[in-house]
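The structure appears below as structure tokens.
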């Protein structure tokens, strides 16, 4: 089996060196860029399997790099993990809304980042396997989801979801009316023992609701428990 290729775009030389050492031990082929322009060029030329992207970069910042990656026909489905020294929710949500699949806040452990990359690579492989096996479509009221094509729609309008948002929506749509805890959502979407906080699920749900627009209330919060897709599935 060919090695997975991971592209890291990071301007801090110490972090680049640390990641080069730690991620190389995972057996991945590692590409490194120190700014947004070089990162974009490598993403287009090498078509990596995962992109680790810092928000604060010289020249083109990480959010603009993400925007261009998701707009490119050859890179739009590239899993992206954002890294940032800024813990503000607005920065995290901005990245998720542009299509990032995950994020880590500096300082982070290389082992944690490696686990996030493994999860992103598994998800990408799962989607490819589903596509090869044929489309599987779910309809819940005005919501439609095709796991084979990795497409979701609301009232005929296509939703631009990240891989993680898509996975959360699919999980909830398969059991409308059932309430799932944050840990159950993490286990279903990312796998057991995935190093992520409950707050991360809340941020992903917030971003997903924004993309649902008028259908945001289809995902209900059950206080003290978690989330569910409203049974009946029709936007109000």
How far, in degrees from 0 to 90, does helix 110-133 lean away from the longest principal axis of the Cα atoms of the chain, to the nearest 10?
50
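Work out, step by step, the length gained on full extension between residue 203 and residue 187: first 0.36 nm times the residue separation, then minus their alpha carbon distance; give nm to one decimal. The partial results should precede the final answer.
Working: separation 16, 0.36 × 16 = 5.76 nm, distance 1.64 nm.
Stretched fully, the residue 203-residue 187 segment lengthens by 4.1 nm.
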In degrees from 0 to 90, rounded to the nearest 10, what is the angle of the helix 163-173 Cα long axis to the longest principal axis of the chain?
20
Final fewest-first order of 181, 109 on the 10 Å Cβ neighbour count is 109, 181
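With a 10 Å radius around each residue's Cβ, average the other Cβ atoms per peptide and rank 46-53, 31-38, 68-75, highest first. Please report the intermediate quantities before stating the final value.
On the way: 46-53: 21.4, 31-38: 18.2, 68-75: 14.8.
In decreasing order of mean packing, 46-53, 31-38, 68-75 become 46-53, 31-38, 68-75.
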Crossing angle, helix 13-24 versus the chain [Cα axis fit, 0-90 degrees, rounded to tens]:
70
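Assuming a ≥ b ≥ c are the square roots of the Cα gyration tensor eigenvalues, decide whether the range 5-128 counts as rounded (a/c under 1.5), prolate (otherwise, with a/b larger than b/c) or oblate.
Rounded shape, in that the Cα axes give a/c under 1.5.
Over the chain, what is the mean sequence separation of C-alpha contacts under 8 Å (at least six apart), divided by residue count, expressed as relative contact order in percent?
On the way: 401 pairs, mean separation 33.3, N = 236.
Once divided by the residue count of the chain, the mean separation gives 14 percent.
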DSSP beta bridges in the chain [antiparallel fraction, %, rounded to 5]:
50
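Bear in mind these aren't lab numbers, they're just calculated from the coordinates by the rules spelled out. None of these values were measured; they are calculated from a predicted model. As a convention, Cβ positions derive from the backbone with ideal geometry for all residues, glycine included, and neighbour counts pool all protein chains shown.
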